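Structure record follows, encoded as structure tokens.
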Amino acid sequence: MVANKEALLQAMEAYFQADTRRINHARRVTEYAEELLSREGGDYLVVIGAAVLHDIGIRQAEKKYGSTAGKYQE
């Protein structure tokens, strides 16, 4: 499962390229998700996948709407 997490993190980093702010944010969210999983349980792949990719629509929202508001990231 760690390999799946690392593959997702690598893909997310490739997508965000030099945007270290967003990359670091996604990594922190992933760490929080792992902490929650250790305390509460849950489907590892679903929770980690959601954590890593939760802001994946942000660049398109900025490009299309000039905003990073959540309603534009769907």
Open item on the list: So the check is Cβ under 7 Å with 6+ separation or different chains; which pairs have a first residue in the range 49-72 that's farther than 26 Å from residue 6 by Cα and a second one that's assigned to a loop (DSSP other than H, G, I, E, B)?
Closed with: 62/68
Task: Matching option when the condition is under 18 Å from residue 57 (Cβ atoms) and hydrophobic (A, V, I, L, M, F, W, C), among 14, 3, 7 - done: 14
Open item on the list: Among the residues that make up the range 47-55, is at least one of them assigned to a helix (DSSP H, G or I), surrounded by 12 or more Cβ atoms within 10 Å (Cβ to Cβ) and of a type in the set (D, E, K, R)?
Closed with: no
Open item on the list: Can you confirm whether residue 39 is surrounded by 14 or more Cβ atoms within 10 Å (Cβ to Cβ) and among the charged types (D, E, K, R)?
Closed with: no
TODO: Could you run through the range 4-18 and say how many residues are surrounded by 14 or more Cβ atoms within 10 Å (Cβ to Cβ) and of a type in the set (S, T, N, Q)?
DONE: 0
- [ ] Among the numbered conditions (1) of a type in the set (D, E, K, R); (2) under 13 Å from the mean Cα position of the chain (by Cα); (3) surrounded by 11 or more Cβ atoms within 10 Å (Cβ to Cβ), tell me where residue 21 comes up short.
- [x] (3)
Task: Residue among 61, 69, 7 that alone is at pLDDT 90 or above and hydrophobic (A, V, I, L, M, F, W, C) - done: 7
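The values are calculated or read from the model by the stated rules, or taken from the named source; none is laboratory data. Treat the numbers as computed from the prediction; the structure is a model and nothing was measured. FYI the Cβ positions are ideal-geometry reconstructions off the backbone, even for glycines, and counts take in every protein chain you see.
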